[in-house]
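All of the numbers you see were taken from the coordinates with simple rules; none came from a lab. This structure is a prediction, so every number in the text was calculated from the model and none was measured.
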């Protein structure tokens, strides 16, 4: 049996149970730009 005081080392992808694509940063950036443009359009209208 393993020692309960010994730390467990797991890879990041194994700990998250999946891959993390870099799509999120693009979605956040595009959404932020769209919100700024829409608010600017509403205010300057």
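For the chain, the longest principal axis of the alpha carbon atoms and the long axis of helix 23-44 meet at an angle near 20°.
How big is the Cα convex hull of the chain in projection, averaged over all directions, in nm²? Could the numbers behind the result be given before it?
Values: hull surface 22.0 nm².
Averaged projected hull area, Cα only: 5.5 nm².
Extension gain for the segment residue 11 to residue 34, taken as residue separation times 0.36 nm less the Cα-Cα distance, is 4.7 nm to one decimal.
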